[in-house]
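What follows is a set of notes on a single structure, which appears directly below.
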Amino acid sequence: MVVIMTSDATEAQIDDVISRVHRAGGEAFVSRGLHRTIIGLLGDVDEFRSLNLRRMAGVADVIRISTPYKLVSRDQGPERSTVVVGRDATRAGVPIGPDHFTLLAGPCAVESLDQTLESAEMAKAAGATLLRGGAFRPQTLPYAFHGLGKSGLRILAEAGAATGLPVVTEVTEVSDVALVAEHADMLQIGARNMQNFGLLNAVGATRKPVLLKRGIQATIEEWLMAAEYVAQRGNLDIVLCERGIRTFESATPATLDISSVPTVQRLSHLPVLVDPTHASGRRDLVLPLSRAAIAAGADGLLVDIHPDPESALCDGPQALAGPEIRELAAAIRRMAPLVDRQTPGVTPSP
Ligand SMILES: O=C[C@H](O)[C@H](O)COP(=O)(O)O
Ligand SMILES: C=C(OP(=O)(O)O)C(=O)O
């Protein structure tokens, strides 16, 4: 069962609901998003029914939800959520949600200040409104480049500040969450950590938006359950990212599950992006997959770019450079309006 609070509910009204639930022997998990606060209830449903929660001040609705994930379920309201990244006293932030098409781009790995700055400028010129780059990088091969760590975070933040783009980066360890949250506007949980429950709890306890990639072998339900962990810790600012799943097909590292986009949007109110670069591992497939993602109704794209992919320390074959980025920008410019999306970073065609 979930309690949906009105958009103007006060802290005292939220506390009253929690106290009433506790007195009935239940547990209450408060989750806060941009437009709504939801309280997930755990305990005896019949007991909760007798509490008349719907009549309490600040309560908009009380809903019984049949899915195993409650706070991220679409059952709790018809509206899809918008998550705003990088909002503070001086910046309006970047929306990711049903009205926009948001491009996140940057180098798969932060390698140096020059490379990151150049990538950030390329990303911005292509209409990206968020800079994504890796400082802590999980890799199958222990001898591969694992990122610059803390200095990579500083470089990314500097490139973000220089270009005015809020930054998104992966966190792989619970012990690094506070450090990464200090430097980044959005915390990425990579595919390999989608079911690292300690990490999900830790990012859920921050006030930073979370980008949750689908696990390589995860079903949609497992993915949404992972999102529920983040929400249950209080953070409803979650954006999902489809990045392909492992199938018998070996032509690409993963098979992009494009049907997950409308499926997730039917099951959950959370925004969903598509990452065509990690799914395909090949630059020539990024544009066609991006077009498919836009047409399928994705809320945005996450793509790797690099000023000189041949010299990239990792994932060069999938990184877009100058001409491909311009093609991608043109495709977004043409296609996003056809699916009723605004593209704030994209300059309209003359
Ligand atoms: O996902 C991490 C990197 O981008 C890289 O593609 C991972 O390579 P791996 O599949 O060999 O770990
Ligand atoms: C490593 C990445 O992707 P994934 O976790 O989807 O493999 C990434 O986005 O940098």
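Each Lys and Arg contributes +1 and each Asp and Glu -1, all at the Cβ; summed about the Cα centre of the chain, the dipole is approximately 560 debye.
Across the chain, the relative contact order, built from alpha-carbon pairs under 8 Å that are at least six residues apart, equals 17 percent. Listed by chain and number, the aspartates and glutamates whose C-alpha is less than 15 Å from the C-alpha of LYS208, apart from same-chain residues fewer than 8 away, are ASP88, GLU170, ASP176, GLU182, ASP185, ASP237. Note on the stretch 2-64: Rg/Rh from C-alpha atoms, Kirkwood Rh, equals 0.92. Positive-end ranking of PRO271, CYS314, THR219 along the dipole of the stretch 83-339, with charges on Cβ about the Cα centre, is headed by PRO271. With unit charges on the beta carbon (Lys/Arg positive, Asp/Glu negative), name the residue among VAL59, PRO107, THR82 whose Cα is farthest towards the positive pole of the charge dipole of the stretch 1-159. The Cα lying farthest towards the positive end belongs to VAL59. Across the stretch 12-114, Cα pairs under 8 Å and at least six residues apart give a relative contact order of 17 percent. Within a Cβ distance under 11 Å of GLY106, other residues only, what is the Lys/Arg minus Asp/Glu net charge? Net charge in that neighbourhood comes out at -1.
Using every pair of distinct Cα positions in the stretch 83-339, the Kirkwood expression returns a hydrodynamic radius of 17.7 angstrom. The Cβ shell under 14 Å around LYS150 holds other residues with a net charge of -3, Lys and Arg each +1, Asp and Glu each -1.
Bear in mind these aren't lab numbers, they're just calculated from the coordinates by the rules spelled out. A quick note: this is a predicted structure, and the numbers were derived from the prediction, not measured. Note that each Cβ is placed from the backbone with ideal geometry, even for glycine, and that neighbours are counted across all protein chains shown.
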